[in-house]
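To start, the structure under review is shown below, and the notes come after it.
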Amino acid sequence: MTQSQRIPQLVLILLLAVSSNLPESLRAAEPASPDASQLEFFEEHIRPVLIEKCADCHSGDTDAESPLAVHSRAALIKGGDYGPAILPGNAEQSLLYQSILRTHKELKMPPDADDKLKPETVAHFKRWIEWGAPWPVEKSRPVATSQKNKAQKLTTSHWCFLPRTAVTPPAVDNPHWSSSPIDRFVYARLQKEQLKPVGLAPRRTLIRRATFDLTGLPPTPEEVKAFQDDPATDEVAFAKVIDRLLASPAYGERWGRHWLDVARYADTQGDVGDFPIPGAYLYRNWVIDALNADLPYDQFLKAQLAGDILAEREADPEQARQLKIATGFIALSRRFGNTRYEDQNLTIDDTIDTVGRGIMGVTLKCARCHDHKFDPMLATDYYGLYGIFESTLYPSMGASNQPSPAQLVSAENNPDSQQKINEYWDLLSYYQHQIRNHFRPWLKPTLAEFKEITAKIEAAKKNGKPTDKLEKRRQKLLAAHKGKFRELMLHGLPWLKAEKARLVEEPPAEMLYAVIDGKPHHSRLHRRGNPENPGDIVPRQFINVISKSKPEIDKTESGRLELADWLTDPAHPLTSRVIVNRLWYHHFGQGLVKTVDNFGVLGDTPSHPQLLDYLAGQLIEQRWSLKALHRQIMLSRVYRLDSQEIAENTNRDPDNVFLWKYSRRRLDAESIRDALLFVSGELDREQGGPHPFIPWHKKGYSLNAPFHQDYPTNKRSVYLMTQRLYKHPFLGRFNGPETNETSGTRDSSHLPTQALYLMNAPLVPELAAAFGKRIQQSATTEEDQIIQAYQLAFCRNPTAEELSDASQFLEYYREELKTEQSDKDRDTNQLAWSGLAKVLLTSNEFFFID
């Protein structure tokens, strides 16, 4: 270790020593500006637990059982008889964490061991305390949602709940910024902020940016050359590129992946065994195909929320089938526990959260335990929606204690077909229960007696003796254990197994992992979010502050179709704004509203509110066409700006909120993998199908042996098998999809471990070797081969210096390999080219979009 390396470590040690000896009052100080995601985390994972599990005994009232109160951050820091309950930033030393972890000698919370918190809940508290225990300031709430006003119409002044305004683009005095309405809004704000925009990006940069944006893949050298050589004006030439990319099947694969993040798509259920869902891929492919067909966004949402109901009105059998498949948006809500519908309230909560944050950009689930602390949403709003989804039947592929599927949906538009499917799974589940429990000690006496009685009956018949009493006893044994082991006693275990195997091979119809309506009903409010503590009945309804009137829900249906109609009403203030902001986020790396999943009080306000409303109006005017919106955004001057820095602008607007340049971005996980495969010539462009899961009847999963598998493929990353409980070995290292909750954004980390993975993981050397072979076959001279390599990897020609460096690298590599005696038969030329290919594929330029 050098002297220069020792100095930073010494400084770090000194800093740690100083910070550990700070006064308690300073270490417990309010954290510096907690971000919106941390506050959302608190509202979702911490506050509900404090209310449900702690508030009864720790209310802060004078007659409370304990002096410790949990109603505020200050109260927790103040603590009780044992001292401060939390030390912000230090979970391990916090009494609250020690008590819920149950490691404290005296404090165990909750006191009853049977009521202890789940490990993931304990982990949430640790994470929250380590963050500094961020707690939202409740000094200005948009509405007081007390019990007294729950029957009243709520009002609010918060921007996102207000109707969109009809906006006219402002006039600007710069001709370069006046041709596009988008540019006029942006330039007017730049002038207000006294920021000077940079110039336009060169065509080479622009086509690479646009191609990755719309398809998730790099352009080919031929496409780059065609664009650069196009004699048309920049605007006309670029419009041709955009139209070509929007027409590519790769567009749906790229933007389908973005929507699948919102839909928290996974190929497994998320229960303790993380059971695979063989039919999930149908929903994935439906999303991709719908986006490629430019299905209007309002219809796109309606199909996912109420496709099964719409299917009943569809004459075309295949169209009806596709509509049912679309309800995978709801069906793929996460499952919990050991039995199929254990903690179904949490599955419905996941559905409501996905509809809330994914479609409307509001944190509806924060109204599960109590009225929303910040936004004008009541607990009755939450349970009005809860009743809609509780009136919906969710499918299951099984659970550790019930390994057979249930409530799968017939692909046919035929009530008789659905009835046969229901009876089929009931019978299989009935047989499965007998097979799984035939050896139980509590069952053995019954089986033994039945066998004995049966033998006595046969003997009595042979001898001509009466069997009435024996038959009566036999019937009682058949009815024992609620009659759930009748076939086991009558036919035996081999017959049961054979019959189950026969049924598995003879399903009555094609079955989909989709939803259908159950028995429509209103739900009861869950006091403090606890379904075992029900309150008043809450009629099925939507969000009070937005709804013009009480919805008229068909009494024979769940209400999902009415919900879909309400969400896609052009007058709805949230739906169009949210999807416009999502598109803007993916094109620019930052939304007009930075918190793309939260437009509420804890979220950010729009940087360009008039532009947001203008584009939302444009989307509706253009019949909800997402492709038309892409085209409008990408043809703007602001999208075509260069990414170069201007020091004065950087000082004024370091995060480029006001769009004076294009922000340089790292490729997302899927684009990294797909680009590596594409450039190396190894990408399989065919659409993905089902995954090779072991059939459900041949393999079960449990808490101690959950499903965990990876299926290698060279298809695009959107077609990779995606689990809830385990990250993909490649995508997970590069901030891949969040599969356990809706998420419209991705982190973009830059870690040494990522570089080390690329250097050592088998995938990259394999693709580098393929890239090396492709380069050698692309041209006859080494110089032309190097040029081709740079064009494929970076969409440009190498500089003279880069050309020289690459040539020297190849020569040096070959000479070094020749000096090694380990394997004289090695192809040193191929290995040298593989080495150069690996350098190019793992370079900074390959991973970033300018």
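The values are calculated or read from the model by the stated rules, or taken from the named source; none is laboratory data. Owing to the predicted nature of the structure, the values given are computational and were not obtained by experimental measurement. So basically every Cβ, Gly included, is an ideal-geometry build from the backbone, and we count neighbours across all protein chains shown. For accessibility, only protein heavy atoms count, side chains too; no ligands or nucleic acids. Shrake-Rupley method; radii C 1.70, N 1.55, O 1.52, S 1.80 Å.
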Residues of the stretch 67-94 satisfying the condition of being under 18 Å from E106 (Cβ atoms), polar (S, T, N, Q) and open to solvent by 30 Å² or more (accessible area, probe 1.4 Å)
Q93
So, A232, is that one surrounded by fewer than 18 Cβ atoms within 10 Å (Cβ to Cβ) and of a type in the set (A, V, I, L, M, F, W, C) or not?
yes
Is it the case that the stretch 326-341 has a residue that's in contact with a Gly (Cβ under 7 Å, 6 or more places away or on another chain), closer than 22 Å to T722 by Cα, assigned to a helix (DSSP H, G or I) and open to solvent by less than 10 Å² (accessible area, probe 1.4 Å)?
yes
Keeping to the stretch 189-225, report how many residues are surrounded by fewer than 22 Cβ atoms within 10 Å (Cβ to Cβ) and at positive phi.
1
Give the residues of the stretch 585-605 that are more than 15 Å from G744 (Cβ to Cβ), touching a helix residue (DSSP H, G or I) at 6+ places or on another chain (Cβ under 7 Å) and crowded, with 19+ Cβ neighbours inside 10 Å, sorted by residue number.
L602
(1) closer than 17 Å to F161 by Cβ; (2) at pLDDT below 95; (3) of a type outside the set (S, T, N, Q); (4) in a loop (DSSP other than H, G, I, E, B) all hold for C366 apart from (4)
Starting from residues that are exposed (fewer than 13 other Cβ atoms within 10 Å of the Cβ) and not charged (D, E, K, R), keep the ones in the stretch 454-489 and report whichever is nearest to Y431 (Cα to Cα).
G483
What about A280, is it open to solvent by less than 20 Å² (accessible area, probe 1.4 Å) and either in contact with a helix residue (DSSP H, G or I) (Cβ under 8 Å, 6 or more places away or on another chain) or among the aliphatic types (A, V, I, L, M) (or both)?
yes
Working carefully through the options Q777, Q808, Q788, find the one that is surrounded by fewer than 17 Cβ atoms within 10 Å (Cβ to Cβ), out of contact with any Leu (no Cβ under 9 Å at 6 or more places or on another chain) and within 20 Å of T842 (Cβ to Cβ).
Q808
Taking interchain pairs and intrachain pairs at least six residues apart, which have beta carbon atoms under 6 angstrom, with the first residue in the stretch 520-540 and within 16 Å of L364 (Cα to Cα) and the second part of a strand (DSSP E or B) and among the charged types (D, E, K, R)?
L525/D536
Those residues of the stretch 540-582 which are of a type in the set (A, V, I, L, M) and closer than 29 Å to P606 by Cβ amount to I543, V545, I546, L563, A564, L567, A571, L574, V578, I579, V580
Residue count, the stretch 695-713 (criterion: assigned to a loop (DSSP other than H, G, I, E, B) and surrounded by 13 or more Cβ atoms within 10 Å (Cβ to Cβ)):
8
How many residues does the stretch 791-801 hold that are within 23 Å of D229 (Cβ to Cβ), in a helix (DSSP H, G or I) and either in contact with a Ser or Thr (Cβ under 6 Å, 6 or more places away or on another chain) or open to solvent by 20 Å² or more (accessible area, probe 1.4 Å) (or both)?
2
Residues that are in contact (Cβ under 8 Å) with a residue 60 or more places away in the chain, open to solvent by 10 Å² or more (accessible area, probe 1.4 Å) and aliphatic (A, V, I, L, M), drawn from the stretch 235-252
A239
So which residues in the stretch 745-767 are open to solvent by 40 Å² or more (accessible area, probe 1.4 Å), part of a loop (DSSP other than H, G, I, E, B) and not aliphatic (A, V, I, L, M)?
T745, R746, D747, S748, H750, P762
F185: touching a Lys or Arg at 6+ places or on another chain (Cβ under 8 Å), at negative phi and among the aromatic types (F, W, Y), yes or no?
no
Would you tally the residues in the stretch 546-573 being more than 26 Å from the chain's Cα centre (by Cα) and surrounded by fewer than 21 Cβ atoms within 10 Å (Cβ to Cβ)?
12
R814 fails exactly one of the following numbered conditions: (1) modelled with pLDDT of 90 or more; (2) assigned to a helix (DSSP H, G or I); (3) not polar (S, T, N, Q). What is the number of that condition?
(1)
Is it the case that A832 is part of a helix (DSSP H, G or I), open to solvent by less than 30 Å² (accessible area, probe 1.4 Å) and either closer than 30 Å to Y639 by Cβ or at pLDDT below 90 (or both)?
no
Do we find a residue being in a helix (DSSP H, G or I), closer than 30 Å to N414 by Cα and open to solvent by 10 Å² or more (accessible area, probe 1.4 Å) anywhere in the stretch 374-381?
no
Can you tell me which residue within the stretch 424-453, out of those that are without any contact (Cβ under 8 Å) to a residue 24 or more places away in the chain and either of a type in the set (S, T, Y) or under 17 Å from Q402 (Cα atoms) (or both), is surrounded by the fewest Cβ atoms within 10 Å (Cβ to Cβ)?
F439
Among the listed residues W442, W425, which satisfies the condition of being touching a strand residue (DSSP E or B) at 6+ places or on another chain (Cβ under 9 Å) and hydrophobic (A, V, I, L, M, F, W, C)?
W425
Can you find a residue that is open to solvent by 10 Å² or more (accessible area, probe 1.4 Å), modelled with pLDDT of 95 or more and at positive phi anywhere in the stretch 288-305?
yes
Under 7 Å between Cβ atoms, which residue pairs at least 6 apart in sequence (or on different chains) link something in the stretch 162-174 that is closer than 11 Å to D613 by Cβ with a partner that is loosely packed, with under 14 Cβ neighbours inside 10 Å?
P163/A571
Residue under question is N401, and the condition is that it be among the polar types (S, T, N, Q), surrounded by fewer than 21 Cβ atoms within 10 Å (Cβ to Cβ) and within 24 Å of N338 (Cβ to Cβ); does it hold?
yes
